[in-house]
Amino acid sequence: MEYKNILSDQSNGIATVTINRPDKLNALNKATLTELDHAVCAAFDNNEVCGIIITGAGEKAFVAGADIGEFVGITVEEGRALSQRGQDIFSRIENGPKPVIAAVNGFALGGGCELAMACHIRVSSENAQFGQPEVSLGLIPGYGGTQRLIQLVGKGKAAEILMTADMLKADEALSLGLTNYVTSIDELLPKCVDILEKIRGKSPLAIGEIIKCVNAYFEDGTDGFQVEVNQFGNCVATEDFKEGTSAFLEKRKANFRGK
Ligand code: COA
């Protein structure tokens, strides 16, 4: 697929997807969502990629939300389809087999906050601002924001953020657990790379199982403890498990092959 709204790069086994509409503060129009989905799925399928960073072009915005220009004249059916599509794409990010880190380099509003929350880990620059301003537009979040915000910051604070449309600065997001780290803008991508480098040394299959187990906690009707039992069992059948345990006993570094 030819990308017009994103940049997709790969270096040292890390794929970086950059939303690239800086003149619109990287707002997610339909075409951008399609490209984002394609680039992330391609990175999941690429054996050379161990993890993904999603960020925004420029220093002002990660993503300032869904593209409000595309809301004009929208019908109820179209609204539901738009919301469902965004949820499906963000779910694919959350449930993919490899770690995805949001490098939040400015405004993460509406769909931008929702995109960051669909990633497994968030790292923010000092100028980052998070918020769900949809109620100011007569709307509510539609890409999973009402649910994932509760998961990350708890019900009471989520209700306040969703109803007031307040923007949270990076340090407040840090204290709420909405972001894992706050860095200078120059240190933002290196910090994300550092985290992925640590993960890269581990078994890729075990990392995929961790993602499944963590997500299982939040799945309605799923017993996360049972998922852990099942995935633990799957791990012991892998070559990675044999390699990891042998390497420990032989006092050498494990060389995982993801098999
Ligand atoms: N959708 C479409 N265009 C957007 C956008 C969005 N979500 N957010 C910003 N833009 C566009 C602006 O319309 C403007 O375009 P223009 O230069 O063609 O007029 C450009 O990006 C720059 O934005 P601007 O508002 O001039 O920047 P600012 O620094 O004054 O304000 C924000 C920054 C983020 C506070 C402001 O752009 C904003 O409130 N955006 C909407 C956020 C939102 O409600 N998101 C949820 C959508 S569901």
### Task
May I ask you to list the residues in the stretch 127-181 that are within 20 Å of T55 (Cα to Cα) and among the β-branched types (V, I, T)?
T179
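Can you give me the ranges of the strands (runs of 3 or more DSSP E) entirely in the stretch 1-71 with at least 2 residues that are at pLDDT 95 or above and surrounded by fewer than 17 Cβ atoms within 10 Å (Cβ to Cβ)?
Strands (runs of 3 or more DSSP E) meeting the threshold: 6-11.
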### The lone exception for I211 - which of (1) of a type in the set (V, I, T); (2) in the same structural domain as S136 (by TED's automatic domain parsing); (3) in contact with a His (Cβ under 8 Å, 6 or more places away or on another chain) it fails
(2)
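Please go through the stretch 72-91 and pick out each residue that is exposed (fewer than 14 other Cβ atoms within 10 Å of the Cβ) and on the phi < 0 side of the Ramachandran plot.
V72, I74, T75, V76, E77, E78, G79, R80, A81, Q84, D88
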### Task
Identify the single condition in (1) within 15 Å of the ligand (Cβ to nearest atom); (2) of a type outside the set (A, V, I, L, M, F, W, C); (3) over 14 Å from the mean Cα position of the chain (by Cα) that S175 does not satisfy, given that it satisfies every other one.
(1)
### Message
Yes or no: the stretch 93-114 includes at least one residue that is surrounded by fewer than 24 Cβ atoms within 10 Å (Cβ to Cβ) and at positive phi.
### Response
no
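For every residue, the table says whether it meets (1) in contact with a strand residue (DSSP E or B) (Cβ under 9 Å, 6 or more places away or on another chain); (2) crowded, with 17+ Cβ neighbours inside 10 Å; (3) not hydroxyl-bearing (S, T, Y).
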site	(1), (2), (3)
P141	no, yes, yes
G144	no, yes, yes
A158	no, yes, yes
D166	yes, no, yes
L196	yes, yes, yes
G201	no, no, yes
A206	no, yes, yes
V214	no, no, yes
F225	no, no, yes
### Message
Can you confirm whether L33 is touching a residue at least 24 places away in the same chain (Cβ under 8 Å), within 16 Å of the ligand (Cβ to nearest atom), aliphatic (A, V, I, L, M) and farther than 21 Å from A128 by Cα?
### Response
yes
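Can you find, within the stretch 81-122, the residue that is farthest from the ligand (Cβ to nearest atom) among those that are among the charged types (D, E, K, R) and in contact with a helix residue (DSSP H, G or I) (Cβ under 8 Å, 6 or more places away or on another chain)?
We begin by selecting, within the stretch 81-122, every residue among the charged types (D, E, K, R); these are 85, 88, 92, 94, 98, 114, 122.
Remaining after also requiring in contact with a helix residue (DSSP H, G or I) (Cβ under 8 Å, 6 or more places away or on another chain): 85, 92, 94, 98, 114, 122.
Working: R85: 14, R92: 20, E94: 20, K98: 28, E114: 9, R122: 18 Å.
Ranking the qualifying residues of the stretch 81-122, first place goes to K98.
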#### Entry: Boolean, A128 is of a type outside the set (S, T, Y), buried (at least 17 other Cβ atoms within 10 Å of the Cβ), in contact (Cβ under 8 Å) with a residue 40 or more places away in the chain and touching a Lys or Arg at 6+ places or on another chain (Cβ under 8 Å)
yes
### Message
Criterion first (assigned to a loop (DSSP other than H, G, I, E, B), in the same structural domain as I19 (by TED's automatic domain parsing) and more than 11 Å from the ligand (Cβ to nearest atom)) does E78 satisfy it?
### Response
no
### Query
If only one of A216, A206 is under 25 Å from G154 (Cα atoms) and among the small types (G, A, S), which one is it?
A216
### Query
Among the listed residues F44, F71, which satisfies the condition of being among the aromatic types (F, W, Y) and either away from the ligand (no atom under 16 Å from the Cβ) or under 19 Å from the mean Cα position of the chain (by Cα) (or both)?
F44
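Does I89 satisfy the condition of being assigned to a loop (DSSP other than H, G, I, E, B) and of a type outside the set (K, R)?
no
The values are calculated or read from the model by the stated rules, or taken from the named source; none is laboratory data. Keep in mind that what you see is a predicted model, and the values were worked out from it rather than measured. Note that each Cβ is placed from the backbone with ideal geometry, even for glycine, and that neighbours are counted across all protein chains shown.
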